[in-house]
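Q: Just passing along the structure, written as C-alpha cells.
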Amino acid sequence: GAGVSQSPSNKVTEKGKDVELRCDPISGHTALYWYRQSLGQGLEFLIYFQGNSAPDKSGLPSDRFSAERTGGSVSTLTIQRTQQEDSAVYLCASSLGGAGFSTNEQFFGPGTRLTVL
Amino acid sequence: QKEVEQDPGPLSVPEGAIVSLNCTYSNSAFQYFMWYRQYSRKGPELLMYTYSSGNKEDGRFTAQVDKSSKYISLFIRDSQPSDSATYLCAMRPSGTYKYIFGTGTRLKVLA
C-alpha cells in the first residue's frame with residue numbers, strides 16, 4: 001500500500017515569506033509526527049497528533065510554526081516569516097497508535113527540503 | 001549533555017566487514033530502543049527494535065541493549081555497499097510517544 005507522502009519535496013523561499021508543508025499519512029494511522037532534521041543534528045521533534053486529542057506542540061521552536069491535521073488525516077505544517085535558520089529537512093511520520101502500542105513503529109515520509117535564502 | 005549520544009562518523013569499512021554502531025544515553029527510563037536506516041534524501045526506515053535489555057537478531061543485523069551501561073549497539077555482519085547509509089538510534093520510555101533520536105552515524109561500505 002501507499003506509504004507516507006509529503007509535498008513539496010523541495011521548497012526554496014525568500015526570508016520573510018510563509019511556507020506550507022503537507023503530509024499524507026498512511027491510511028488508518030491515528031498518530032502523526034512532524035520532525036525537523038538539520039545537518040549534523042538528530043531528528044528534532046516538533047509536534048504530535050493522536051486521534052482527536054489535543055496535539056502536543058511542545059517541540060515547536062517558535063510561534064512562527066504551527067500545524068494542523070484535518071479530519072484525522074492530512075496534516076499541514078506552516079512556517080510564517082521564514083528565517084534562514086529554518087532551512088532543514090522537515091519529516092513527517094505516522095504510526096498506528098499512541099503510547100499504548102508496544103513498538104509504535106513510525107513510518108516516515110521522504111521529507112521536504114526547505115531552503116530559506 | 002544530550003540525552004542520546006551517537007558518533008556521527010563517517011565510518012568507512014571494506015565490503016564483508018562486521019560493523020558496530022553505538023549509542024549511549026542518560027535517561028534510565030528508556031525502555032524501547034530502535035535503529036533506523038536513512039538513505040540519502042529519503043526518510044528513515046525502521047531496521048530493528050528492542051524492548052528493555054538483551055539481544056535481537058534479524059538476518060545480518062543484531063541489536064544489543066545494555067541497560068546497566070546505558071549503551072546500545074547495532075552490528076551488521078557481512079556488510080554490503082548497499083548498507084551505506086546513515087544509521088539513527090531512537091529510544092523512548094514506556095507509556096510515551098516521544099522518541100529521542102541520536103544524530104546518526106554515516107556508514108560507507110566500500111566495494
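The values are calculated or read from the model by the stated rules, or taken from the named source; none is laboratory data. Nothing here was measured: the structure is a model prediction, and the numbers come from that model. With ideal geometry, Cβ positions are generated from the backbone for all residues, glycine too; neighbour counts draw on all protein chains shown.
Quick grid of which residues meet (1) in contact with a Lys or Arg (Cβ under 7 Å, 6 or more places away or on another chain); (2) within 14 Å of another protein chain (Cβ to nearest Cβ):
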{"residue": "B:Leu46", "(1), (2)": "no, yes"}
{"residue": "B:Tyr51", "(1), (2)": "no, yes"}
{"residue": "B:Gly54", "(1), (2)": "no, no"}
{"residue": "B:Phe75", "(1), (2)": "no, no"}
{"residue": "B:Pro81", "(1), (2)": "no, no"}
{"residue": "B:Arg92", "(1), (2)": "yes, yes"}
{"residue": "B:Tyr97", "(1), (2)": "no, yes"}
{"residue": "B:Leu107", "(1), (2)": "no, no"}
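Q: Condition (residue is at the interface with chain B (Cβ under 10 Å from one of its Cβ atoms) and within 20 Å of B:Met34 (Cβ to Cβ)) applied to segment A:8-19: is it met by at least one residue?
A: No, the conditions are met nowhere in segment A:8-19.
Q: I've got another one for you. For segment A:1-52, name all the residues that are in contact (Cβ under 8 Å) with a residue 24 or more places away in the chain, of a type in the set (Asp, Glu) and assigned to a strand (DSSP E or B).
A: Answer for segment A:1-52, where residues must be in contact (Cβ under 8 Å) with a residue 24 or more places away in the chain, of a type in the set (Asp, Glu) and assigned to a strand (DSSP E or B): A:Glu20, A:Asp24.
Q: Right, another one. Can you name the residue in segment B:22-32 that is away from chain A (no Cβ under 14 Å) and either under 14 Å from the mean Cα position of the chain (by Cα) or not hydroxyl-bearing (Ser, Thr, Tyr) (or both) and is also surrounded by the fewest Cβ atoms within 10 Å (Cβ to Cβ) among such residues?
A: B:Asn27
Q: Hey, can you tell me all the residues within segment A:25-64 that are polar (S, T, N, Q) and over 21 Å from A:Lys15 (Cα atoms)?
A: Selection gives A:Ser27, A:Thr30, A:Gln41, A:Gln50, A:Asn52, A:Ser53, A:Ser58.
Q: Sticking with this one: With respect to B:Ala63, determine if the residue is outside any helix (DSSP H, G or I), of a type outside the set (Val, Ile, Thr) and either within 11 Å of chain A (Cβ to nearest Cβ) or within 25 Å of A:Asp56 (Cβ to Cβ) (or both).
A: Taking the combined requirement at face value, the residue does not satisfy it.
Q: Also, quick follow-up: Can we say B:Ser68 is assigned to a loop (DSSP other than H, G, I, E, B) and more than 14 Å from chain A (Cβ to nearest Cβ)?
A: Judged against the criteria, B:Ser68 is a match.
Q: Answer yes if at least one residue in segment A:57-72 is more than 11 Å from chain B (Cβ to nearest Cβ), assigned to a loop (DSSP other than H, G, I, E, B), aliphatic (A, V, I, L, M) and within 11 Å of the chain's Cα centre (by Cα), and no otherwise.
A: Yes.
Q: Given the structure, is A:Thr112 surrounded by 15 or more Cβ atoms within 10 Å (Cβ to Cβ) and of a type in the set (Ser, Thr, Tyr)?
A: So A:Thr112 passes the test.
Q: Would you confirm, using the coordinates I've provided, whether A:Leu77 is assigned to a strand (DSSP E or B) and either more than 8 Å from chain B (Cβ to nearest Cβ) or more than 22 Å from B:Gly43 (Cβ to Cβ) (or both)?
A: yes
Q: I'm checking my understanding of the structure. Among residues of segment B:1-16 that are surrounded by 15 or more Cβ atoms within 10 Å (Cβ to Cβ) and over 12 Å from the mean Cα position of the chain (by Cα), which one is modelled with the lowest pLDDT?
A: Here the answer is B:Gly9.
Q: Continuing with the same structure: Please go through segment B:45-63 and give me each residue that is modelled with pLDDT of 95 or more and not β-branched (Val, Ile, Thr), ordered by number.
A: Selection gives B:Gly59, B:Arg60, B:Phe61, B:Ala63.
Q: How many of the residues in segment B:33-44 are within 7 Å of chain A (Cβ to nearest Cβ) and surrounded by 17 or more Cβ atoms within 10 Å (Cβ to Cβ)?
A: Qualifying residue count for the region: 2.
Q: Picking from B:Tyr87, B:Tyr99, B:Tyr71, B:Tyr36, which residue would you name as being farther than 23 Å from B:Pro10 by Cβ, of a type in the set (Ser, Thr, Tyr) and in contact (Cβ under 8 Å) with a residue 12 or more places away in the chain?
A: Within the list B:Tyr87, B:Tyr99, B:Tyr71, B:Tyr36, the selection yields B:Tyr99.
Q: Here is a further query. Answer with yes or no whether A:Ser58 is at pLDDT below 95, surrounded by fewer than 13 Cβ atoms within 10 Å (Cβ to Cβ) and hydroxyl-bearing (Ser, Thr, Tyr).
A: Considered against the rule, which asks whether it is at pLDDT below 95, surrounded by fewer than 13 Cβ atoms within 10 Å (Cβ to Cβ) and hydroxyl-bearing (Ser, Thr, Tyr), A:Ser58 comes out as yes.
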